Amino acid sequence: MTNAGWGIVSVAVVLLCLQVGLAGPWPNWRGPHFNGSADERGLPESWTDTENVLWTAALPGPAASTPAVCDGKVFVSSEVKGSDDLVALCFDVRTGRQLWSATVGRSDRSFPRNNLATPSPTTDGRHAFFLYGSGDLAALDFDGNIVWSRNIEAEYGNITCQFGYGASPVAFEGRLYIPILRRDRAWREPREGEPFDSFLLAVDPATGKTLWRHVRASDAQDESLDSYATPIPFRNGGRTEIVLVGGDYVTAHDPETGRELWRYCYATDRRDTRWRLIPSVVTGAGMVFGVQPRGGNDLFAIRADGADGVLSQDRIAWMFDRMTPDVPTPLFYQGRLYVLDGTRNGKVVTRLDPTTGRVEWHGRIGGGGPWRASLTAADGKLYCINEDSEVIVLSAGDEFRILHRFDMNDKPVQASIAIAEARLFLRTASKLTCIGKKEGRGSAD
C-alpha cells in the first residue's frame, strides 16, 4: 500500500514543485505526506566521503532546522556564526551552488542545545516561508525577494520556551499555520504582555495577513504549557483537520476557522508541571499517534473517525509504554509506525502495527551521541542522524536490519534528513550535503 492511502499530501504543492520535471519535493519539516516519508526511488543505502556524494555546500552556522526542497531548490534557515543575522538561504539541487541569501531577522538570545534558527522552512510551491525563534516570519519568492515579513513576537508577546521556539510553520492548501504553545509567564525577557495565551495562527501566504487566530485553552501548568510540536494536517474521513499537541492535550482544528473540533487529554493520570512536549503527532491508518513527554512514557493511538468534543479513553485504540522518545517524532511509512528512542535502552528503533500496537521488531542502533533528529524514509529504507553526525540506514523490511553507518564528521546535528528529487539532504553543523546515485535520474550535472 502506498503512503497516499494512509496519509495526506498537498497535491497543489507537489504539482508546483514538479515544474522542472524532477522527482518529488520535501516541502516542510515532515515531508510531502506530513509523516516523515517520501515516494522517492533509487536512493543509495550507503556512501563514503566521495562515493554517492553529489555535492557539499558551506553553511554560515549550525541550526536544528531541516531543509525544504521544491522546484530544483533547497531552502535552508540558519544563524550566522559570529553575527546576529538570521538568514534564509537557497541552493541549487543539482550543483549545490548558493543561489541567494537574505537576512530576515536578528538573533538576540541563546539557549542550551538550540538557537533561533530551529524552525524548518516550508513552501507552497510559489514562496518559501521562514520563521525564527525571534518571531521573525517572512515569505520569499524563489528568486530570493522578500514578499512580506512580520514579527509574531512583537504582536503577541514572547514566544520563547525554555529551549527556544522549536515548532515549524506549515504551508497547506492556501494557509500558513503557525503554532504558539507557551507558558503564561515568559521563561525569560521580554515579559511585556503577560499573562500570555497559547494559540494557533493561520496566515495568508500571499500577503502575510492574519486569516484567523484561535486561542487554545489548557489547564496545564508551568513548563507543561510549552510545546515544540509542529501542526500536522490530517484527512479524517471526509474532513480535513489541523492537529496540534502540547499543553497536556491533542487538539484538532478546522482549517478554515481554527475552531476546535475535538481534544484528548494525554495527561489524565499524571498532571506534571514539567511535561513540556517535543514530538509532533503523526497520522495514518485513520488514527492520530502521539507521545507523552520526556521519553519512556506512553505512545497512544487515537481513533479519530467521527471524533467530536472532549474524547474519552474509549477513543484510545492501544498504548505502547516502553521504548518511546523524548524528542524524535514517530514515522509512518508503508503502513507501519516507527518509533525512535534516541537516548535510552541502547537507543532503539521499534516497528509497530498501527492498528493493534503489536511490536513487529525492534533493534538497538547505538551511536556516540543522542538521536534527536526524527526518522525519515523512502525507497524501502529508514534514515536518521544523531547529534555526533553519525548516520544510520535501516531496512524498512520485516526484520530489523542495519544497512549502513557513516560518520559525517561535522557535529552537532539535530536536523532531520530531507528526501527529495532522488536525493538525500543532510544539514550538519557547517555543511549541507547532497547524497544520491550519480547515474540515472537525479544525478548531478
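Read-outs throughout are calculated quantities, based only on the coordinates presented, and are distinct from any laboratory measurement. No experiment lies behind these values; they were computed from the predicted model shown. Cβ: placed from backbone, ideal geometry, glycine included. Neighbour counts: every protein chain shown.
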*asked:* Multiplying the sequence separation of L403 and V310 by 0.36 nm and subtracting their Cα-Cα distance, what value in nm do you get?
replied: 29.1 nm
*If contacts are Cα pairs under 8 angstrom and at least 6 residues apart, what is the relative contact order of the chain in percent?*
16
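How do the peptides 333-346, 113-126 rank, highest first, by the average count of neighbouring beta carbon atoms within 10 Å per residue?
Details: 333-346: 20.4, 113-126: 24.1.
Descending mean neighbour count gives 113-126, 333-346.
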*Going from the alpha-carbon gyration tensor of the chain, what semi-axes, largest first and in whole Å, does one get by taking the root of 5 times each eigenvalue?*
29, 26, 21
*Give the calculated FRET efficiency between S83 and R270 to the nearest 0.05, with a Förster radius of 45 Å applied to their Cβ-Cβ distance.*
0.55
*Cα centroid distance between the stretch 317-332 and the stretch 420-438, in Å?*
27
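What 222 nm value per residue comes from the helices of the chain, counting each DSSP H run with n ≥ 4 as -39,500 (n - 2.57) and dividing by all residues, nearest 500 deg cm²/dmol? Numbers along the way, then the final one.
Numbers: 2 runs with 12 residues, N = 445.
Counting only the DSSP helices, I get -500 deg cm²/dmol.
How do 63-70, 398-405, 278-285 rank on mean C-beta neighbours within 10 Å, highest first?
63-70, 278-285, 398-405
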_Cα centroid of the stretch 333-356 to Cα centroid of the stretch 244-286, whole Å_ = 20
_Using Cβ counts within 10 Å as a stand-in for footprinting exposure, how do E45, E40 rank, fewest first?_
E45, E40
*Filter the trypsin sites (Lys or Arg not before Pro) in the stretch 203-241 down to the DSSP loop ones having no more than 11 other Cβ atoms within 10 Å, then list what survives.*
K209
*Residue exposure sequence - F129, F142 - by fewest surrounding Cβ within 10 Å*: F142, F129
*Pop a pseudo-label 7 angstrom from the Cα along the beta-carbon direction at both K209 and E189 and give the gap in nm to one decimal.*
3.6
*Peptides 174-180, 421-427, 264-270 ordered by average Cβ neighbours within 10 Å, highest first*: 421-427, 174-180, 264-270
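Contour minus end-to-end for N345 and V359, with contour as 0.36 nm per residue of separation and end-to-end as the Cα-Cα distance?
On the way: separation 14, 0.36 × 14 = 5.04 nm, distance 1.60 nm.
Here the segment from N345 to V359 would lengthen by 3.4 nm.
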